[in-house]
1. Sequence-distant or interchain residues sharing an amide H contact under 5 Å with L144, placed H: which?
2. Packing-wise, with mean Cβ within 10 Å as the measure, how do 74-83, 21-30 rank, highest first?
3. Alpha carbon centre of segment 371-423 versus segment 76-152: separation in Å?
4. Using the Karplus curve 6.51 cos²θ - 1.76 cosθ + 1.60 with θ = phi - 60°, work out ³J(HN,Hα) for each residue of segment 126-141 in order, rounded to whole Hz, and write x for Gly and Pro.
5. For the Cα atoms of the chain, what angle does the longest principal axis make with the long axis of helix 433-443, in degrees from 0 to 90, nearest 10?
6. How would V33, V594 rank on accessible area, largest to smallest, probe 1.4 Å?
7. Per DSSP helix of 4 or more residues, -39500 (n - 2.57); summed, then divided by the residues of the chain. What does that give at 222 nm, rounded to the nearest 500?
8. Starting from the residue with the highest accessible area, list E612, E577 in decreasing order, probe 1.4 Å.
Amino acid sequence: MIIDQIQISNFRSFDDCTIELNGIQAIVGRNNVGKSNLLKAIRLFMKASKRLLDEDCFHHHNTEEPIRIRVRFTGLSDWERQKFDGWLHDDDTLIVERKFEKTGEDDYNIDRFAVVREPEPSWLKESEINGDNIEDWWEDQDALTVNGLDFGDELGTRRPQVGEWKDIANEFVSEHRDEIPFEEVKRPNPRGYKGVLKGGLPEFILVPAVRDVSEASKITKSSPFGQLINSVLSRIAEARRETVKDAIDDVDSLLNRGADRLPAIEEFEENLNDSIQEVSDVELEIAVDIPELDDLLETAEVYARDGTRTPIEAKGHGLQRSTIFTILRVYSNFATQEEEASKSTIFAFEEPEIYQHPQSQRTLLSVFRDIANSGDQILYTTHSSHFVNVSRFDEVCIMRKEGTEADFRTESTQIRMETVLEDLQRRHGKGTPDGIRNQYENAFDARISEGFFADKVILVEGESEKYILPIYARLLDYDFDRNNIAVVYPGTGKGQLDRLIRIFAGFGIPTYPIFDADGAVGSKTVEIAGLMGRDLSGVDSIQTTIGDKLTIFEGELEDALEDEIDEYEEWWDEAGEEWGANDSKPLKHRYMAVQIENKIKDGASPEEVIPETVQRIIRKVRDLDTAVEVFEGEIGEEAVVATGS
């Protein structure tokens, strides 16, 4: 099973927030917005330990209200369905809620709730079927109807006992599940529920951003290395297990009392007893505690040999973190080979990119996906564009801090696959999730993912705009990097811009597209303009437009710059001679931007020498502060962008 949804109330930076999770989920956002608090909330829920609680855990230290964390699990295995039989919300969903209250100085109480669905009629609720109620219901059987279904007909002529009534009710509900109204019921602290949760919920392993590898590399039941060893042991044939156990028993027989004991130990013990008898009437025994196989493995340590053999925790942080992920990678190989584990694992990582070069980051993401595909779950916070991908937009959750400094809260924004799918089907009458993923995967690469981390995104059709806009913006004292603005160039013309607008604007990121009309108003121009709130349907031609939400060039960027840069032709030729940019328009435009920068260094005013068209565009980007609504209002209410707060 995996966590499908989590609702967090009054915990750290969360006031009241609902977040949907996938088998693999990236959590992104600026520093100190609450990304790690999500992982801490899951840890608190899974561990349910008072040792993890203090006043800092309560939102704005409000200990008058409890912390509530509700988790919905889906994708249950047969073993898990059997384990939670009687507590399931439906056949493939388990919902559990925990409440954490401060009850005194450094004292806390933890309650657990089973959230189940029960038939609305009391005579079908297993929790209300008892002898007294059956007597009342039996006297008024005509009232035992729901939606035209007569339950009284199922009871026969003899009043059923409690167990019989429950069996008849369960069979009736199973047969007419789609016709009987249900209600959600929250049962507090049911008897035996605590043990069921402890034995059946997934293992949870959190790897913080800064951590000594020694804990992760120890062979314990909850560590990645320990789970790897357990996976290996589960594959050992019983005969081989017995061989190992027999060897341990042989050691036991050599060291402890018995016929096969080592003579030296036997003789030493006899000498001890001869001596003790002189002062006291007691008998001494030398006993060596021989560990079981699992206990023996927990004594293992990981060493690294790079010229010197030392424990891995004595090595540098880079090697330590690489070791954690190497253990995880090997674990993934075993996990994907296992037929079906009885208990799944949720791995949570803070900034897995730390100490990893780009190729290693991509490899690690592939390992994460293998583990997720095997049935375990991977959650991670990240600041790296290598760990997110526009084709997996539904596996990204962007977190932001909203409100005032004194009353801030963490909010989350996500886009469901259903949102994009319904929008595509509304526009084109067809589409599948796999088709959507492949369209994005085919059109874009990892460079595009920088947009997920930006406060604003400028989408450009041409490579020239990508080169020159950051230079001119810096010269106008509006540095894009310092203002967290990403200039995204898909490299596929304007044909793909609408898809990126839907993703980035859908995540609430103010997005500003810049593209060419190419002398005519084609269908793609109409579509992009429509997304940005400008209706061009029925328009045959358009002049260069620099608007609040988009820029459309009548022809190309070069046409506007040629009219506004006096030395355009001269610099165009110089770029070819000095920079070898004979066939590269983007490089020639960069050359011109550098020449204009040199003029400014020599004392010219930026407003006098930077092309007016570029200045107007940068002013529009500077003033842009809201994202257009690309889904909401156009599609079904159930499929809009999910925003938790």
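The values are calculated or read from the model by the stated rules, or taken from the named source; none is laboratory data. Since we're looking at a predicted model, the values are computed, not measured. Note that each Cβ is placed from the backbone with ideal geometry, even for glycine, and that neighbours are counted across all protein chains shown. To get the accessible areas, we keep the full protein, side chains included, count just its heavy atoms, and leave off ligands, DNA and RNA. Shrake-Rupley method; radii C 1.70, N 1.55, O 1.52, S 1.80 Å.
1. G152
2. 21-30, 74-83
3. Segment 371-423 and segment 76-152 have Cα centres spaced 33 Å from each other.
4. 4, 5, 10, 7, 9, x, 5, 5, 4, 4, 5, 5, 5, 6, 9, 5
5. The answer is roughly 50 degrees.
6. In descending accessible area the options line up as V594, V33.
7. Working: 22 runs with 249 residues, N = 645.
Result for the chain: -12000 deg cm²/dmol, rounded to the nearest 500.
8. On the way: E612 85, E577 150 Å².
Of E612, E577, the descending order of accessible area is E577, E612.
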